[in-house]
Amino acid sequence: MAFYQDPPTLGNQYDDDRVLRSYLARVLPREVAASITPSLHEMGELAGGHLYRLQLADRANEPKLTSWDAWGQRVDRIEVTQLWKEAARIACERGVVAAAYERAHGAFSRVHQFALAYLFDPSSDVYTCPLAMSDGAARTLLASGNRALIDRAVPRLTSRDPAKAWTSGQWMTERTGGSDVGRSETVARPGPDGAYRLYGTKWFASSATSEMALALARPEGNPEGSRGLALFYLELAGDDGRREGILINRLKDKLGTRKVPTAEIALEGALATPVAELANGIRTIAPMLNVTRTWNAVSAVAAMRRGLALARSYAQRRVQFGTTLADKPLHMDTLAELQAEFEGAFHLTFRAIELLGREETGSLTESEAKLLRLIIPITKLTTAKQAVAVLSEVLEAFGGAGYVEDTGLPRLLRDAQVLPIWEGTTNVLSLDALRVIQKDSSLDVLAAEVARLLTGVVEPKLAEAETAASRAVSHARAWLKEMAGTDREGLEAGARRVAITLGRALELALLVRHAAWAMDRERSRTALAAAVQFARNGVDLIRDHDPDTIAALAETRQKPAT
């Protein structure tokens with residue numbers, strides 16, 4: 001008569017996703033929606049079925065590095081997990097990168113591609129990492145205009161044929177840091193044949209099994225600082241399959257994303273080709289960062305969606321004190337708060353995706369271009385922080401089972417923790433956003449976007465949410481203006497709170513707009529509930545600068561008690 005708890009289950013992750021389906025119905029032309037729906041349904045079935053089952057079965061496996069063969073020869077061979085091998089095939093054949101470059105649906109091709117990625121990601125053990133870098137590399141090479149490299153690499157990076165497809169790495173981080181890349185120590189030296197070879201160490205190189213990489217290095221004789229860096233293209237193996245001048249020192253022992261073969265790499269004369277000029281490599285790689293930061297946000301919303309899907313399934317199965325958790329008002333109130341956070345993050349992320357698609361098809365207006373420059377860092381940092389907070393609560397919703405590794409649940413939180421770190425920490429991106437705001441009128445454009453989204457909404461129950469969104473943006477504008485003129489240190493200290501406030505205000509405005517549409521077209525008030533709940537969760541984080549308190553609490557050496 002022993003009791004055994006039924007585990008949570010997943011169905012088709014497209015069919016069960018009200019938020020995704022409703023969004024696509026609102027944004028896509030009818031013919032585009034009809035065209036892409038079968039591919040999304042198929043990916044949803046894989047994500048909730050075959051891939052998810054394989055993920056659970058493959059839970060304990062991790063990539064393995066073999067440095068030497070039996071006869072003492074250096075081989076640096078990495079064996080990835082079975083799930084990664086299957087995910088690579090599926091992602092390639094289903095066009096999780098390719099769809100963006102085939103442009104079958106014009107500017108909406110990015111929406112299609114990232115909807116596929118959003119469904120695929122939670123069951124892939126972060127195989128979206130090499131996909132993100134491959135997408136970013138393709139975009140960077142296309143933007144560079146380097147025809148030889150474009151012809152060589154882009155067809156492979158965007159192929160649907162697993163036998164031909166490549167993935168790419170991104171080698172920027174060194175021991176000197178990942179944000180202050182101007183201190184990079186890797187040197188590019190030309191040989192007698194004019195070809196460049198790289199010498200140095202890349203401390204954190206994700207997906208070391210990729211066929212190529214883009215790397216920053218300083219051409220010999222160039223000045224110090226970021227402007228002296230150039231962007232180089234490398235292929236990790238020659239035609240004979242041997243690595244030349246690239247040594248894998250070790251795989252990183254990380255908190256999360258443990259299925260990703262992240263390596264520390266020594267470059268000892270690796271052959272490399274300049275992507276563009278022999279300087280200004282940060283500017284050359286900038287298109288990659290826009291793409292990879294968008295992937296980061298997609299991964300954040302996908303992880304939240306997966307955690308909530310499992311938590312809702314569990315709530316219907318878990319009985320405590322005579323009733324299911326789904327019948328407990330406090331438990332469901334908690335899940336409602338989390339659902340609102342996910343929905344806000346979803347709509348902000350896909351608004352950024354819409355703008356990215358318009359930019360790549362040349363249909364972006366001048367004001368939209370300014371909005372895109374600001375919305376990318378804000379979206380990445382806001383959604384990443386939401387994902388960590390939401391998934392921490394999701395684990396708590398399972399009680400002790402959420403803390404037990406073989407349920408597969410702790411991985412959700414461990415993998416989410418990389419999201420506020422990778423591709424720029426919250427503080428670094430907050431300062432990026434602040435620089436964008438100070439450089440042009442992008443904040444005015446964001447304020448106009450919020451006003452546009454709220455215009456014409458007449459539902460009384462949305463009034464509180466409308467007010468919260470507009471007031472938060474007004475407060476941010478006033479605070480930035482005041483601090484810029486009186487307290488530059490306070491301006492920097494408050495950059496994170498301003499950035500998150502702007503992100504949350506835009507999320508709420510997007511929720512309000514979608515709720516109004518859903519009530520009119522779908523006769524549904526569920527999106528309205530999400531907007532109302534999100535406003536109650538809080539939007540405005542801005543407060544006055546208090547340097548004395550900061551100084552007192554930030555002391556690195558505590559005085560002994562007297």
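The values are calculated or read from the model by the stated rules, or taken from the named source; none is laboratory data. All figures in this text were calculated on a predicted structure; none of them were measured in a lab. All Cβ positions, even for glycine, are placed from backbone atoms using ideal geometry, and neighbour counts span all protein chains on display. Calculation scope for accessible area: heavy atoms of the full protein, side chains included, ligands and nucleic acids excluded. Shrake-Rupley method; radii C 1.70, N 1.55, O 1.52, S 1.80 Å.
Quick look at the numbers
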read-out	value
Contact order relative to length of region 252-354, as percent, for alpha carbon pairs under 8 angstrom and 6 or more apart	23
Within-12-Å neighbourhood charge of residue 378 [Cβ basis; K, R +1; D, E -1]	+4
Global geometry of region 183-299, whether rounded, prolate or oblate, following the gyration tensor of its Cα atoms and the 1.5 cut on a/c	oblate
Rounded, prolate or oblate (a/c below 1.5 giving rounded, otherwise prolate when a/b exceeds b/c) for region 79-156 by Cα gyration tensor	oblate
Å² per residue, accessible surface of the chain at 1.4 Å	44
Accessible area of region 171-300 belonging to carbon and sulfur atoms, whole % at 1.4 Å probe	47
Kyte-Doolittle mean at least -0.5 and Cα axial length at least 30 Å: DSSP H helices in the chain	281-317, 329-360, 366-397, 463-486, 495-517
Lys, Arg +1 and Asp, Glu -1 on Cβ, resulting dipole of the chain about Cα centre, debye, nearest 20	160
Per-selection Kirkwood Rh - the chain (Cα, Å, 1 d.p.)	24.8
10 Å Cβ shell holding at most 11 others, DSSP loop, trypsin sites (Lys or Arg not before Pro): longest site-free stretch of the chain	243-522
Stretch gain in nm, segment residue 253-residue 9, where the contour uses 0.36 nm per residue and the Cα spacing is subtracted	84.8 nm
Computed [θ] at 222 nm, deg cm²/dmol, the chain (DSSP H ≥ 4; -39,500 (n - 2.57); rounded to nearest 500)	-17500 deg cm²/dmol
Low-density loop cleavage sites - chymotrypsin sites (Phe, Trp or Tyr not before Pro) in region 191-293, where at most 15 other Cβ are within 10 Å (DSSP)	none
Space enclosed by the convex hull of the alpha-carbon atoms of region 504-545, per residue, Å³	46
Percent of Cα pairs exceeding the 14 Å cut-off, where the set is region 200-250	60
Shape of region 3-75, Cα gyration tensor, a/c cut at 1.5	oblate
Using a Förster distance of 30 Å, the FRET efficiency for residue 60-residue 317 (Cβ separation, nearest 0.05)	0.75
Length-normalised contact order for the chain - Cα pairs under 8 Å, 6+ apart - percent	12
Cα-Cα pairs of region 120-247 separated by more than 19 Å (percent)	53
Viscosity 1.002 mPa s, temperature 20 °C, Stokes-Einstein D of region 436-560 from Kirkwood C-alpha radius, µm²/s	134
Members of 370/461; 164/202; 328/380; 252/385; 259/380; 164/370 lying beyond 30 Å, as alpha-carbon distances in this model show	370/461; 328/380; 164/370
Accessible area in the full protein assembly, largest first, 1.4 Å probe, for 437, 421	421, 437
Percent breakdown of C-alpha pair distances by 5 Å bin, ordered from the shortest bin, for region 370-477	2, 11, 15, 15, 14, 14, 12, 9, 6, 2, 0
Accessible area of region 1-125 belonging to carbon and sulfur atoms, whole % at 1.4 Å probe	53
Per DSSP, loop chymotrypsin sites (Phe, Trp or Tyr not before Pro) in region 27-125 with at most 11 further Cβ within 10 Å	71
Using alpha carbons only: equivalent-ellipsoid semi-axes of region 1-136, gyration tensor based, whole Å	32, 24, 9
Rg in Å to one decimal, and Dmax rounded to a whole Å, for region 252-328 via C-alpha atoms	22.5, 70
Per-residue SASA entry for residue 144, accessible area with 1.4 Å probe, Å² rounded to 10	40
